Every structure is written in structure tokens, then in C-alpha cells.
1. Of the residues A280, A298, which single one is in contact (Cβ under 8 Å) with a residue 40 or more places away in the chain, among the hydrophobic types (A, V, I, L, M, F, W, C) and open to solvent by less than 50 Å² (accessible area, probe 1.4 Å)?
2. Within the set of pairs 6+ apart or on separate chains, which have a first residue in the stretch 181-204 that is open to solvent by less than 50 Å² (accessible area, probe 1.4 Å), a second that is assigned to a loop (DSSP other than H, G, I, E, B) and among the hydroxyl-bearing types (S, T, Y), and C-beta atoms under 6 Å apart?
3. Counting only residues that are within 28 Å of R134 (Cβ to Cβ) and β-branched (V, I, T), which one in the stretch 305-328 is modelled with the lowest pLDDT?
4. Based on what the data block shows, is E314 closer than 30 Å to N4 by Cβ, surrounded by fewer than 15 Cβ atoms within 10 Å (Cβ to Cβ) and touching a residue at least 12 places away in the same chain (Cβ under 8 Å)?
5. I'm trying to understand the selection: among the residues of the stretch 85-126, which are surrounded by fewer than 19 Cβ atoms within 10 Å (Cβ to Cβ), at pLDDT below 85 and either in contact with a strand residue (DSSP E or B) (Cβ under 6 Å, 6 or more places away or on another chain) or within 15 Å of T14 (Cα to Cα) (or both)?
6. Which residue pairs have Cβ atoms closer than 8 Å, lie 6 or more positions apart in sequence or on different chains, and pair a first residue in the stretch 121-139 that is farther than 15 Å from A339 by Cβ with a second residue that is of a type in the set (A, V, I, L, M, F, W, C) and in a loop (DSSP other than H, G, I, E, B)?
7. Hey, could you check the stretch 15-36 for residues that are open to solvent by less than 10 Å² (accessible area, probe 1.4 Å) and either part of a strand (DSSP E or B) or of a type in the set (K, R) (or both) and say which is farthest from V65 (Cα to Cα)?
8. Out of V254, V246, V260, report the one residue that is closer than 30 Å to A165 by Cβ, β-branched (V, I, T) and in a strand (DSSP E or B).
Amino acid sequence: MSLNTFGHLFRVTTWGESHGPAIGATVDGCPPGVALTEANLQPWLDARKPGQNKYTTQRREDDLVRILSGTFGGRTTGTPIQLMIENTDQRSKDYGAIAQSFRPGHADITYHQKYGLRDYRGGGRSSARETASRVAAGGVARAVLAALVPDLRISGYMVQMGPRAIDRTRFDAAQIAQNPFWCPDALVAQAWAADLDALRLSHNSVGAVIEVVATGVPPGLGAPLYAKLDSDLAAAMMSINAVKAVEIGDGMAVAALTGVDNADEIRMGPKGPEYLSNHAGGILGGISTGQPVVVRFAVKPTSSILTPRRTVTEHGEETELITKGRHDPCVGIRAVPVAEAMMACVLLDHLLLDRGQTGGVRGVIGPGQ
């Protein structure tokens, strides 16, 4: 088993390597009759593609997506949707120096230990380039969600770069699209720009924290034990390249709370139960509450840097390595569209699971119960 597929009913298989002819995804389980063309998918890929500003890799890829199957007359047919994105700006020669050496902090050494060979040209499947396939599949999921749950919205943004975090009192959603960092805090975005300029000059990189929120999620998605909404979301986010930690709601911070502080109290509103806080991140017992679903994850610093790092070769020789080429000084910047895509895929998967199990039937709370 190569395990390149995720999802229960809405299933996504990604394929291709960073320096191969193309990458892509096969999406199976998409309901029929949903309006879908390449124009629906391209804006999401445009948001993720490299080379858009000086703070991301200068590899130039148009990331034009082609739908090869699964649609007819601009609508999904219910059969597998094949998505393809050609690679057009590979520079494999940049990686010649690491053909026999392992980049510290990178998957080079573990791929070699597991498979006995590896694609050293940009890391092959371990490259962040693979995430373009996920974004294309996420575009399919968004199209279906728009048809089934029109009020559902997904928004991702960066909340921390290195040691510098946003000030949530200055949170302005309108700012997210106004700077290269997907940052809702205009002042800290300016500071991040200066930080990254200094890091680039010093041949270094830095980590980041991304937050993605889904509003309008209906209550009842998920399952109590082995298909929890939060466990599937955590697995989806952790599968993104360079992610090392995932939180739901308050996450690790709940360890410092008391039961009094942590309990999301409930009152009756005009349309049903209303929560007075959201420490749980919109999920209780693995099932959505109807509140915003909040997921946060940490991305490690880019491993490919121009500062010499000690390592070993395939022959066991000790050496120092400088990784040349075009790399993101903070890979977290382009992780935001990927996080949104994975959120969309998981939510649609659980929506379809719920429709199959319950048909949308819900327990009644309030008068008439």
C-alpha cells in the first residue's frame, strides 16, 4: 500500500513529483450534477502558486489545472474526476549537489531508509509542490459545498511567524487579502516583511502558525469514535508537508484551564441552542456543534537553506551541505490555501457520510421535544 489517498466517501488520491512532467489528483465520490469547470478551480490554485512575491520561492509555475474526466457539459457526472497540473519550470540541476547527501530536517534520509532510493530533484513526493494537487481537489470540494451548504465559508490566515504573533485585538478579516502573508493584522504583517528580509539575507528560514476557520458548518457532522470530525481534520492538516503540530479550538492551551473556564456554556436563542464561547473549536465528542470549526497548525522552517549544515552521504561520509535552488524562506505563507483545501475536503467527506447514515435527521431541542 502506498497510501496516497485520503477521505471516506469523498476520496482524493494525489500523484506526481515535484520535477516530473505533471502532478495531479483523482477525486472519487463527488456527487453528480454539480457545476464544475476549470474556471471554478483556477482561482484557488492561483492563490497557492509560487513566485507571486519576493517572500516565496521564485519558481515560476502557472499551475493551470485541466479536468480530464468526470464532467460533462460543465457538470460533474459522479464518476472519478481526474485533475492534472503540468510542471513547466523545473531546474533539476540545482539539486545535483544533494544527489548523494541528505538535507538535514528534510525527508531525504527517511525516504532513502524506507525505499532504498529517492527522487532528490526537489524532494519528489515530499516536496511542497504536491500540495497544488490538494488545492485542486479542494476546489472540487468547495464547488460541492457551495451547492449543498451555501452559507458555509472557509477562511485561512497566518497568526504567527517565528516568535512574532498577531494581536487579535487588531484582527481585521479585510486585511487577509491585502498583504503577502494572509495576515489579519496589518501592523504585524509589516514587521514580518522586515523579519523575512533579514532572514533571506542571512540565508535562513522560519516557521509559522496557520489558522483556518469554517463558519456555517451544520451541527451533527462527525462520529463519536473512529471517524471523529476533529481527528480527521487533524490527520488532514498533519499530512500537509512540513506540519509538525495541530490544534482544534483552544488546543494545547486547555491544559492551563479549569473546568469552569473551559466549559462552553449554552443558552437558548431564537433559532435554538447558542454557545457563549468556543473553546472546543466547534466540535464536541467528535461531532460538529454548529459553531465555527477552528483548526490551527504549526509549520516548521524550510529545510532547504544556503547556510551550511552538517550531514552524511549515502556512503556514510560526514560532510557539510548547502542547498541551492529556489525555496520559500517561510513555507507557511503558501500553506494557507492548502489548509483551506483540506478543510473543504474533510467537511464535504463528513457531510456525505452524515447524509448516508442519518439522511440529515437531527435531534430536536426546545419546545415540542
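The values are calculated or read from the model by the stated rules, or taken from the named source; none is laboratory data. None of these values were measured; they are calculated from a predicted model. Ideal geometry is used to build each Cβ from the backbone, glycine not excepted, and the neighbour counts take in all protein chains shown. Quick note on the areas: whole protein, heavy atoms, side chains included, nothing else; ligands and nucleic acids left out. Shrake-Rupley method; radii C 1.70, N 1.55, O 1.52, S 1.80 Å.
1. Values: A280 fails: in contact (Cβ under 8 Å) with a residue 40 or more places away in the chain.
After ruling out the rest, the residue left standing is A298.
2. L196/Y55
3. Only one residue fits best here, namely T323.
4. Details: closer than 30 Å to N4 by Cβ: yes; surrounded by fewer than 15 Cβ atoms within 10 Å (Cβ to Cβ): yes; touching a residue at least 12 places away in the same chain (Cβ under 8 Å): yes.
Yes: the conditions hold for E314.
5. Selection gives Q100 alone.
6. Within 8 Å, the pairs are G123/A107; S126/A107.
7. V27
8. Values: V254 fails: in a strand (DSSP E or B); V260 fails: in a strand (DSSP E or B).
V246 is the lone residue from the list that is closer than 30 Å to A165 by Cβ, β-branched (V, I, T) and in a strand (DSSP E or B).
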